[in-house]
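Q: Can you read through this structure? Questions will come right after.
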Amino acid sequence: MNIVIRASYLSQYPDCPRRTAARIFRSEIEAAGFRLREVIRGVGAAIGSAVHTGAATILKEKARIGRMPSSDLGLDAARDQLRSMSHEGIVYDEMSRKLGDAEAAALRMTAIYRDTLAPFIDPMLVEERLEARAGAGLILSGQSDVIAREPGSIRDLKTGKSIGFNRPQIGAYSLLARARELNITRAVIDFIRRVGNRQEQPPPISIEHDVDEVESAAANVLRAMNNDFRAFREGDSRRQIQPGDPWAFLANPQSKLCSPDYCSAWGTDFCKEHARK
């Protein structure tokens, strides 16, 4: 059975391989006898997903009709997506204490994308899923926000309180696009900061990365993932790892995300490293 590795996991893996492995290889880990936790989506991630939906709706319609669509289209899509996720459960925070706060943030961020970025993007592929084999039993799967004609550009939208480490993820999108014989010459992260409802929404920041460097980052993280997964499944005498040993995946208790709010391995038999903080 193939295991699908989402491109976004490549940026998470260096921060804590074991936390990320608990998401990617959950079925294998549980089959080895470990019981993992369920993690409820945080409001920041929910807002980000809503903004992505709004932005994608705008660009898909722009690609279809050849011009910017009505201003309400993306806002309605973002609002509907957030309300749908709220039924599954969302953990709110100090910045967004309830669904109404989260909706206001998502709508502001979608509107700033529509007004400042979307008019200058010529979309070719919008959130189209691409896949390629990444190792024995592993499939790399990516759905970049947009591949644009200006020239061949991978653009990925990020939201949150601060911009994170995203180079391997956008590198994965570029590798997948090349596998489809698309000529990629630019890799751009568009970042929209999430702020409180009483603050003015800052404009997006666009950060361009060297394509060769991000592709190299992605390839090397994939290599590490593949090696660690094989060690967990088969063992690795060189590392003194037995099959099913959690130490096939390094743990990072210093990670900011080493918390029961973010990690399904936290406090389980698969990972007790947090106790050493």
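The values are calculated or read from the model by the stated rules, or taken from the named source; none is laboratory data. Worth saying up front: this structure is predicted, and the values here are computed from it rather than measured. Cβ coordinates were reconstructed from backbone atoms using ideal geometry, including for glycine residues, and neighbour counts include every protein chain displayed.
Q: Among what's in the stretch 164-190 and is assigned to a loop (DSSP other than H, G, I, E, B) and more than 12 Å from the chain's Cα centre (by Cα), pick the residue that is surrounded by the fewest Cβ atoms within 10 Å (Cβ to Cβ).
A: 181
Conditions (1) among the acidic types (Asp, Glu); (2) farther than 23 Å from residue 191 by Cβ, marked per residue:
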residue: 72; (1), (2): yes, yes
residue: 103; (1), (2): yes, no
residue: 106; (1), (2): no, no
residue: 111; (1), (2): no, no
residue: 124; (1), (2): no, no
residue: 127; (1), (2): yes, no
residue: 133; (1), (2): no, yes
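Q: Scan 159, 185, 110 and give me the residue that is assigned by TED's automatic domain parsing to the domain that holds residue 9, in contact with a Gly (Cβ under 8 Å, 6 or more places away or on another chain), β-branched (Val, Ile, Thr) and closer than 15 Å to residue 53 by Cβ. Steps first, answer last, please.
A: On the way: 185 fails: closer than 15 Å to residue 53 by Cβ; 110 fails: assigned by TED's automatic domain parsing to the domain that holds residue 9.
Going through 159, 185, 110 in turn, the sole match is 159.
Q: Which number in (1) part of a helix (DSSP H, G or I); (2) under 22 Å from residue 155 (Cβ atoms) marks the one condition that residue 5 misses?
A: Failing condition for residue 5: (1).
Q: Right, next: Quick one: which of 36, 73, 59 is over 27 Å from residue 162 (Cβ atoms) and touching a residue at least 60 places away in the same chain (Cβ under 8 Å)?
A: So the residue among 36, 73, 59 that is over 27 Å from residue 162 (Cβ atoms) and touching a residue at least 60 places away in the same chain (Cβ under 8 Å) is 36.
Q: Only one of these is more than 16 Å from the chain's Cα centre (by Cα) and within 16 Å of residue 205 (Cβ to Cβ): 108, 155, 97, 149. Name it.
A: Working: 155 fails: more than 16 Å from the chain's Cα centre (by Cα); 97 fails: within 16 Å of residue 205 (Cβ to Cβ); 149 fails: within 16 Å of residue 205 (Cβ to Cβ).
Among 108, 155, 97, 149, only 108 is more than 16 Å from the chain's Cα centre (by Cα) and within 16 Å of residue 205 (Cβ to Cβ).
Q: Would you point out which residue out of 91, 126 is at pLDDT below 95, crowded, with 22+ Cβ neighbours inside 10 Å and of a type outside the set (D, E, K, R)?
A: Only one candidate passes the filter, namely 126.
Q: Determine whether residue 190 is touching a Leu at 6+ places or on another chain (Cβ under 9 Å), within 23 Å of residue 140 (Cα to Cα) and of a type in the set (D, E, K, R).
A: Working: touching a Leu at 6+ places or on another chain (Cβ under 9 Å): yes; within 23 Å of residue 140 (Cα to Cα): yes; of a type in the set (D, E, K, R): yes.
Yes, satisfied.
Q: From the list 41, 23, which residue is surrounded by 16 or more Cβ atoms within 10 Å (Cβ to Cβ) and within 18 Å of the chain's Cα centre (by Cα)?
A: Criteria check complete, one pass: 23.
Q: Here's a follow-up. Between a first residue in the stretch 177-194 that is small (Gly, Ala, Ser) and a second residue that is in a loop (DSSP other than H, G, I, E, B), which pairs have beta carbons less than 9 Å apart while being 6 or more apart in sequence or on different chains?
A: That search, which allows pairs on different chains as well, returns 177/144; 177/183; 177/184; 187/210.
Q: Let me spell it out: the conditions are (1) under 24 Å from residue 165 (Cβ atoms); (2) outside the structural domain of residue 8 (by TED's automatic domain parsing); (3) surrounded by fewer than 17 Cβ atoms within 10 Å (Cβ to Cβ); (4) of a type outside the set (Gly, Ala, Ser), and residue 249 meets all of them except one. Which number is the exception?
A: (3)
Q: I'd like to check something: does the stretch 214-237 contain any residue that is on the phi < 0 side of the Ramachandran plot and in a loop (DSSP other than H, G, I, E, B)?
A: no
Q: Let me ask something else about it. For the stretch 69-84, indicate whether the set of residues that are farther than 24 Å from residue 115 by Cα and aliphatic (A, V, I, L, M) is non-empty.
A: No, the stretch 69-84 contains no residue that is farther than 24 Å from residue 115 by Cα and aliphatic (A, V, I, L, M).
Q: Residue 76: under 26 Å from residue 193 (Cβ atoms), surrounded by fewer than 20 Cβ atoms within 10 Å (Cβ to Cβ), of a type in the set (Asp, Glu) and modelled with pLDDT of 95 or more, yes or no?
A: Details: under 26 Å from residue 193 (Cβ atoms): yes; surrounded by fewer than 20 Cβ atoms within 10 Å (Cβ to Cβ): yes; of a type in the set (Asp, Glu): yes; modelled with pLDDT of 95 or more: yes.
Taking the combined requirement at face value, the residue satisfies it.
Q: Turning to a different aspect of this structure: If you check 228, 269, 212, which single one turns out to be surrounded by fewer than 13 Cβ atoms within 10 Å (Cβ to Cβ) and touching a residue at least 40 places away in the same chain (Cβ under 8 Å)?
A: Answer to the check: 269.
Q: Here's something else I'd like to know. Quick check, is residue 116 crowded, with 20+ Cβ neighbours inside 10 Å and of a type outside the set (Gly, Ala, Ser)?
A: Judged against the criteria, residue 116 is not a match.
Q: Right, something else. Within the stretch 64-86, is even one residue of a type in the set (A, V, I, L, M), part of a helix (DSSP H, G or I) and touching a strand residue (DSSP E or B) at 6+ places or on another chain (Cβ under 7 Å)?
A: no
Q: Here's another thing I want to ask about it. Considering the stretch 153-163 alone, what residues qualify as being small (Gly, Ala, Ser), surrounded by fewer than 18 Cβ atoms within 10 Å (Cβ to Cβ) and either on the phi < 0 side of the Ramachandran plot or not in a strand (DSSP E or B) (or both)?
A: Result: 162, single match.
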